[in-house]
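The values are calculated or read from the model by the stated rules, or taken from the named source; none is laboratory data. In this text the structure is predicted, and so the values were computed from the model without any measurement. With ideal geometry, Cβ positions are generated from the backbone for all residues, glycine too; neighbour counts draw on all protein chains shown. Ligands, DNA and RNA are stripped out before the accessible areas are found, and what is left, the full protein with its side chains, is counted by its heavy atoms. Shrake-Rupley method; radii C 1.70, N 1.55, O 1.52, S 1.80 Å.
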Protein chains: 2
Amino acid sequence: MVAEKVFTQLRRGTLEYCVLALLQGEERYGFDLVKELGEIDGMVTTEGTIYPLLARLRREGMVETSWRESESGPPRRYYRSTAEGGQALADFTADWERFRTSVDGILRRGNEGRRK
Amino acid sequence: MVAEKVFTQLRRGTLEYCVLALLQGEERYGFDLVKELGEIDGMVTTEGTIYPLLARLRREGMVETSWRESESGPPRRYYRSTAEGGQALADFTADWERFRTSVDGILRRGNEGRRK
DNA sequence: ACAGGTACCTTGTTTCGCATGGTAGCTGAG
DNA sequence: CTCAGCTACCATGCGAAACAAGGTACCTGT
């Protein structure tokens, strides 16, 4: 589909915080996150995206991890958000709302508008 | 400001269509677009961003251009949206709304939610 | 014993915004 | 009249993020 390319660009910068949001008050592992995001419109992604992203979040102290055995299959690395991660998410949410409002405003002007 | 880095990422993919939106039913020149965008929250940008972007839109047939003299200062290259540009904008607007809805949903879950 | 699913990760490529810097015309102050 | 500063255009090279592709290894069922 053509629209996929658009979403690839839109995800930039937001995907990171969407993952952080999914890790609030809930532990998850990478492979699980890929499947979870795959069910959300416009958020389809792959392991090649998620693992580097999680590594970055870990480096920055946004998430903590712990290995745990699976009942069926290889062991999993579980991620959970730190307090710092929760704060970063809250900050981003405020920025996102400002940005979203701006974009909505400009698009409205362009699509219906056509003034003067 | 720290938040600026966030906006840089968020602009990816959307800036192009915001410009296209500003060019609907209205001719503008590059330098003017920079100033116009600079007044919109989260859209502050520079000539180094706008000119390559406009060149790309022109290459793809989204905009047409014409040189015109200025009463004061160097001549200006005016840009206006083609029909193709208008269609691309409409398509993007639909995609943007889907994406925005998804992000809002995920962020809500992460910030207030904290279920189970 | 081996095919297929689960789960982790790395490497190289692409894309886009931006920093930087360069050209040139017009205007106004000294 | 000259030159500083604004307007206006553009090109080049970099960095960050997402992704494609590929690799390893474990477990289960046939």
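Overview of values
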{"read-out": "Residue list for the range B:94-110, filter: open to solvent by 20 Å² or more (accessible area, probe 1.4 Å) and among the hydroxyl-bearing types (Ser, Thr, Tyr)", "value": "B:THR101"}
{"read-out": "Hits in the range B:36-59 (condition: open to solvent by 40 Å² or more (accessible area, probe 1.4 Å), within 10 Å of DNA strand C (Cβ to nearest atom) and of a type outside the set (A, V, I, L, M, F, W, C))", "value": "B:THR46, B:GLU47, B:GLY48, B:THR49, B:TYR51, B:PRO52, B:ARG56"}
{"read-out": "Test for A:GLY25: is it open to solvent by less than 30 Å² (accessible area, probe 1.4 Å) and modelled with pLDDT under 95", "value": "no"}
{"read-out": "Search result, residues across the range A:1-22 that are at pLDDT 95 or above and out of contact with any Gly (no Cβ under 9 Å at 6 or more places or on another chain)", "value": "A:THR14, A:LEU15, A:GLU16, A:VAL19"}
{"read-out": "Those residues of the range A:60-78 which are of a type in the set (S, T, N, Q) and open to solvent by 60 Å² or more (accessible area, probe 1.4 Å), in sequence order", "value": "A:SER72"}
{"read-out": "Filter pass, A:TYR17 being more than 10 Å from chain B (Cβ to nearest Cβ), crowded, with 17+ Cβ neighbours inside 10 Å and among the aromatic types (Phe, Trp, Tyr)", "value": "no"}
{"read-out": "Candidate set from the range A:53-68 (those that are within 11 Å of DNA strand D (Cβ to nearest atom) and under 14 Å from A:GLY30 (Cα atoms)); member that is farthest from the other protein chains (Cβ to nearest Cβ)", "value": "A:ALA55"}
{"read-out": "Matching residues in the range B:69-103 - criterion: being of a type in the set (S, T, N, Q) and either more than 10 Å from DNA strand D (Cβ to nearest atom) or in contact with a strand residue (DSSP E or B) (Cβ under 9 Å, 6 or more places away or on another chain) (or both)", "value": "B:SER70, B:SER81, B:THR82, B:GLN87, B:THR93, B:THR101, B:SER102"}
{"read-out": "One residue from B:ILE106, B:ILE50 being more than 13 Å from every other protein chain (Cβ to nearest Cβ), of a type outside the set (Gly, Ala, Ser) and more than 22 Å from A:GLU112 (Cα to Cα)", "value": "B:ILE50"}
{"read-out": "When residues of the range B:79-92 are limited to those that are buried (at least 18 other Cβ atoms within 10 Å of the Cβ) and among the hydroxyl-bearing types (Ser, Thr, Tyr), the one nearest to the other protein chains (Cβ to nearest Cβ)", "value": "B:SER81"}
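The rows are residues; the columns are (1) free of Cβ contacts under 8 Å to residues at least 12 places away in the same chain; (2) under 19 Å from A:SER102 (Cα atoms); (3) within 11 Å of the chain's Cα centre (by Cα).
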{"residue": "B:THR14", "(1), (2), (3)": "no, yes, yes"}
{"residue": "B:TYR17", "(1), (2), (3)": "no, yes, yes"}
{"residue": "B:LEU22", "(1), (2), (3)": "no, yes, yes"}
{"residue": "B:PHE31", "(1), (2), (3)": "no, no, no"}
{"residue": "B:LYS35", "(1), (2), (3)": "yes, yes, no"}
{"residue": "B:THR45", "(1), (2), (3)": "no, yes, yes"}
{"residue": "B:THR49", "(1), (2), (3)": "no, yes, yes"}
{"residue": "B:ARG58", "(1), (2), (3)": "no, no, no"}
{"residue": "B:VAL63", "(1), (2), (3)": "no, no, no"}
